[in-house]
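Report on the structure given below.
The values are calculated or read from the model by the stated rules, or taken from the named source; none is laboratory data. What you are looking at is a predicted structure, and each value in this text was computed from that prediction instead of being measured. Here the Cβ positions follow ideal geometry from the backbone for every residue, glycine too, while neighbour counts run over all protein chains shown.
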Amino acid sequence: GLAKPIGLVEGPGGLGQGGLATTLQDDSREAEGKFEEYGYNAQLSDRISLDRTIPDYRPKKCRQMTYSPDLPQVSVVFIFVNEALSVILRSVHSVINHTPSQLLKEVILVDDNSDNVELKLNLDQYVNKRYPGLVKIVRNSRREGLIRARLQGWKVATAPVVGFFDAHVEFNTGWAEPALTRIQEDHRRIVLPAIDNIKYSTFEVQQYANAAHGYTWGLWCMYIIPPQDWLDHGDESAPIRTPAMIGCSFVVDREYFGDIGLLDPGMEVYGGENIELGMRVWQCGGSMEVLPCSRVAHIERTKKPYNNDIDYYAKRNALRAAEVWMDDFKSHVYMAWNIPMTNPGVDFGDVSERLALRQRLKCRSFRWYLENVYPEMRIYNDTLTYGEVRNSKASGYCLDQGAEDDDRAILYPCHGMSSQLVRYSADGLLQLGPLGSTAFLPDSKCLVDDGRGRTPTLKKCEDVARPTQRLWNFTQSGPIVSRDTGRCLEVEMSKDANFGLRLVVQRCSGQKWMIRNWIK
Ligand code: UDP
Ligand code: MN
């Protein structure tokens, strides 16, 4: 979810052969209504050929590669809920048109209890007539969420390899052969076709830069720069080691996937399963890689046509992954979501079976995984306390990082989101704002008393001229005292400040501060 590209490569672009030469202008009510419903221009999709071929964005070298004549077959699983029919059908046509027929065992469509009637009989009739015997449809009688929907597909798959995809993707020529080759060589590899973007409004395909798939400590996925040794090697067609996956496209040996525990069936709706699989496969002796020669284009839609409380489920699922796989580092997930480690206010369900799985597979530690697979992660092990910080004189108000580009901490009504995440660490730093999580993102800033005015500032911790200026003494329900000046962080009532409250450093008058959470 919520992946941000690290860079775009604008290719020759266009809708591809068989597509439209120009973008259709249609501002009718109906078109807008469909856009609203699906998060993409469904009316335009209805008019684009189901058999179009997308531009070939593979690195040049891929086109010269040759493959063994006896690769394993693949079952391709698409899951959907309330998707535009033409978009699902284009996914099906695209995989059939761009996979050698002897390699494609079957296509499996999993309907995760859609409401839309055209996805019932119309879809059945269409695929049975157009592709008799090749397409299976599985219908969930209640909404299972994307995790168990993918598992429904796996259960009916019969080929030795299974590919899992969202039902709004299109396949590049030659996507299957390199993926199947890598899995034939080592069945413990989980292979991710590289992802390009189908623009939600024009359906043009936009090339994305070569990337691995990483995540923040909240376990939100994102594209990250490939490992240094891959960059140094200088071969764009080589597999890219990746700590986790975005999740809309992955290919795996069917039996191996079962052996290592599939996806966590206790996860609900959306999110976290893609990160959990990455941690698990690496910690338990397998690997995960992005294959630039195997490409799939995916629609990043503007909204999701299902449950709108995605954040809640992503948080819940993240806690399951944290509790099972992350050892002492699980605190980082609680910190990232700014919730307490005991009574987090989220019921993440029973993880005992997943813990037993970890035991059974004799998996390595999370520290091993971080050091060997995701060294770009920032570690916050020296944190003592974290969460919202309140002053007894200003009830209902919390320390807040304020405007991101500003260098000023403020007091703001408490809302508990990440701008009000304060961390106090063993070495005396007081940091404010969301965790930077990785070397790819700026880290939270340090609260500083530079001894000059009465205004405390927020600075990049490494930019503070005198290191002691960023150090504080802080005990629960006590003052916050600068180790450099001996002054206290305090609240001053002031008519011309926001909310009538100003944050100052001044001679200590005995004000008390409270921080919400401890590391367990
Ligand atoms: N999905 C599902 N059941 C759900 C939620 C999502 O089957 O309850 C499917 C959805 O149809 C899609 C896939 O899960 O094929 C991933 O969801 P989505 O495309 O909305 O996520 P994104 O790719 O935008 O992160
Ligand atoms: Mn998707």
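Regarding residue 210, is this residue within 30 Å of residue 439 (Cα to Cα) and assigned to a loop (DSSP other than H, G, I, E, B)?
yes
Regarding segment 443-453, can at least one residue be identified that is β-branched (Val, Ile, Thr), in contact (Cβ under 8 Å) with a residue 12 or more places away in the chain and either in contact with a His (Cβ under 6 Å, 6 or more places away or on another chain) or under 24 Å from residue 216 (Cα atoms) (or both)?
Scanning segment 443-453, I find no residue that is β-branched (Val, Ile, Thr), in contact (Cβ under 8 Å) with a residue 12 or more places away in the chain and either in contact with a His (Cβ under 6 Å, 6 or more places away or on another chain) or under 24 Å from residue 216 (Cα atoms) (or both), so the answer is no.
Identify, by number, the condition in (1) among the charged types (D, E, K, R); (2) surrounded by fewer than 13 Cβ atoms within 10 Å (Cβ to Cβ); (3) more than 20 Å from residue 269 (Cβ to Cβ) that residue 347 doesn't meet.
The number of the failed condition is (3).
Quick check: anything in segment 416-423 more than 30 Å from residue 284 (Cβ to Cβ), β-branched (Val, Ile, Thr) and part of a loop (DSSP other than H, G, I, E, B)?
no
Which one of 138, 162 is away from ligand 2 (no atom under 16 Å from the Cβ), surrounded by fewer than 18 Cβ atoms within 10 Å (Cβ to Cβ) and part of a strand (DSSP E or B)?
None of the other options fit; the residue is 138.
Pull up segment 89-118, narrow it to residues that are under 18 Å from residue 46 (Cα atoms) and either surrounded by 24 or more Cβ atoms within 10 Å (Cβ to Cβ) or charged (D, E, K, R) (or both), then point me to the one that is farthest from ligand 2 (Cβ to nearest atom).
118
Is one or more of the residues making up segment 220-229 buried (at least 23 other Cβ atoms within 10 Å of the Cβ), more than 16 Å from ligand 1 (Cβ to nearest atom) and more than 29 Å from residue 311 (Cβ to Cβ)?
The answer is no, given that none of the residues of segment 220-229 is buried (at least 23 other Cβ atoms within 10 Å of the Cβ), more than 16 Å from ligand 1 (Cβ to nearest atom) and more than 29 Å from residue 311 (Cβ to Cβ).
Give the residue that is nearest to residue 224 (Cα to Cα), with candidates limited to residues of segment 454-480 that are in contact (Cβ under 8 Å) with a residue 24 or more places away in the chain and of a type in the set (S, T, N, Q).
My answer is 457.
In segment 165-188, how many residues are away from ligand 1 (no atom under 16 Å from the Cβ), of a type outside the set (Phe, Trp, Tyr), in a loop (DSSP other than H, G, I, E, B) and surrounded by 22 or more Cβ atoms within 10 Å (Cβ to Cβ)?
Within segment 165-188, residues that are away from ligand 1 (no atom under 16 Å from the Cβ), of a type outside the set (Phe, Trp, Tyr), in a loop (DSSP other than H, G, I, E, B) and surrounded by 22 or more Cβ atoms within 10 Å (Cβ to Cβ) number 1.
Do the conditions hold for residue 265, that is, is it touching a helix residue (DSSP H, G or I) at 6+ places or on another chain (Cβ under 8 Å), within 15 Å of ligand 1 (Cβ to nearest atom) and modelled with pLDDT of 95 or more?
Yes; evaluated as a whole, the condition is true for this residue.
So residue 102 ticks every box in (1) touching a residue at least 60 places away in the same chain (Cβ under 8 Å); (2) not in a helix (DSSP H, G or I) but one. Which box is left unticked?
(1) is the only condition that residue 102 fails.
Which residues, counting only those in segment 357-396, are of a type in the set (D, E, K, R), more than 26 Å from residue 266 (Cα to Cα), exposed (fewer than 14 other Cβ atoms within 10 Å of the Cβ) and more than 21 Å from the chain's Cα centre (by Cα)?
382 - this is the single residue of segment 357-396 that is of a type in the set (D, E, K, R), more than 26 Å from residue 266 (Cα to Cα), exposed (fewer than 14 other Cβ atoms within 10 Å of the Cβ) and more than 21 Å from the chain's Cα centre (by Cα).
The conditions are (1) surrounded by fewer than 18 Cβ atoms within 10 Å (Cβ to Cβ); (2) within 19 Å of the chain's Cα centre (by Cα), and residue 328 fails exactly one of them. Which is it?
Going through the list (1) surrounded by fewer than 18 Cβ atoms within 10 Å (Cβ to Cβ); (2) within 19 Å of the chain's Cα centre (by Cα), residue 328 breaks only (2).
Okay, residues lined up against (1) under 25 Å from the mean Cα position of the chain (by Cα); (2) in a strand (DSSP E or B):
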{"residue": "66", "(1), (2)": "no, no"}
{"residue": "77", "(1), (2)": "yes, yes"}
{"residue": "83", "(1), (2)": "yes, no"}
{"residue": "87", "(1), (2)": "yes, no"}
{"residue": "106", "(1), (2)": "no, yes"}
{"residue": "115", "(1), (2)": "no, no"}
{"residue": "118", "(1), (2)": "no, no"}
{"residue": "123", "(1), (2)": "no, no"}
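Mind checking which residues of segment 55-85 are buried (at least 23 other Cβ atoms within 10 Å of the Cβ) and within 16 Å of ligand 2 (Cβ to nearest atom)?
Correct list: 76, 77, 78, 79, 80, 81, 83, 84.
I need the full set of residues from segment 292-333 which are small (Gly, Ala, Ser) and either closer than 13 Å to residue 217 by Cα or within 14 Å of ligand 1 (Cβ to nearest atom) (or both), in order please.
297, 314, 318, 321, 322, 331
Residue-by-condition table, conditions (1) among the charged types (D, E, K, R); (2) touching a Phe, Trp or Tyr at 6+ places or on another chain (Cβ under 7 Å); (3) modelled with pLDDT under 95:
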residue	(1), (2), (3)
237	no, no, no
247	no, no, no
257	no, yes, no
281	no, no, no
309	yes, no, yes
329	no, yes, no
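Would you please name the residue that is farthest from ligand 2 (Cβ to nearest atom), looking only at residues in segment 165-195 that are touching a helix residue (DSSP H, G or I) at 6+ places or on another chain (Cβ under 6 Å) and under 28 Å from residue 206 (Cβ atoms)?
189
Somewhere in segment 117-136, is a residue in contact with a Pro (Cβ under 7 Å, 6 or more places away or on another chain) and of a type outside the set (Ser, Thr, Tyr)?
no
Can you go through 430, 435, 447 and tell me which one is closer than 23 Å to residue 336 by Cβ, crowded, with 16+ Cβ neighbours inside 10 Å and within 26 Å of the chain's Cα centre (by Cα)?
On inspection, the qualifying residue turns out to be 435.
Do the conditions hold for residue 271, that is, is it over 28 Å from residue 66 (Cα atoms), in contact with a helix residue (DSSP H, G or I) (Cβ under 6 Å, 6 or more places away or on another chain) and not hydrophobic (A, V, I, L, M, F, W, C)?
It is true that residue 271 is over 28 Å from residue 66 (Cα atoms), in contact with a helix residue (DSSP H, G or I) (Cβ under 6 Å, 6 or more places away or on another chain) and not hydrophobic (A, V, I, L, M, F, W, C).
Each row is one residue, and each column tells you yes or no for (1) surrounded by 22 or more Cβ atoms within 10 Å (Cβ to Cβ); (2) over 18 Å from the mean Cα position of the chain (by Cα).
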position: 253; (1), (2): yes, yes
position: 259; (1), (2): no, yes
position: 262; (1), (2): no, yes
position: 272; (1), (2): yes, no
position: 277; (1), (2): yes, no
position: 284; (1), (2): no, yes
position: 292; (1), (2): yes, yes
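Collect the residues in segment 284-317 that are under 22 Å from residue 252 (Cβ atoms) and more than 16 Å from ligand 2 (Cβ to nearest atom), keeping them in residue-number order.
Result: 284, 285, 286, 287, 288, 289, 290, 291, 292, 293, 294, 317.
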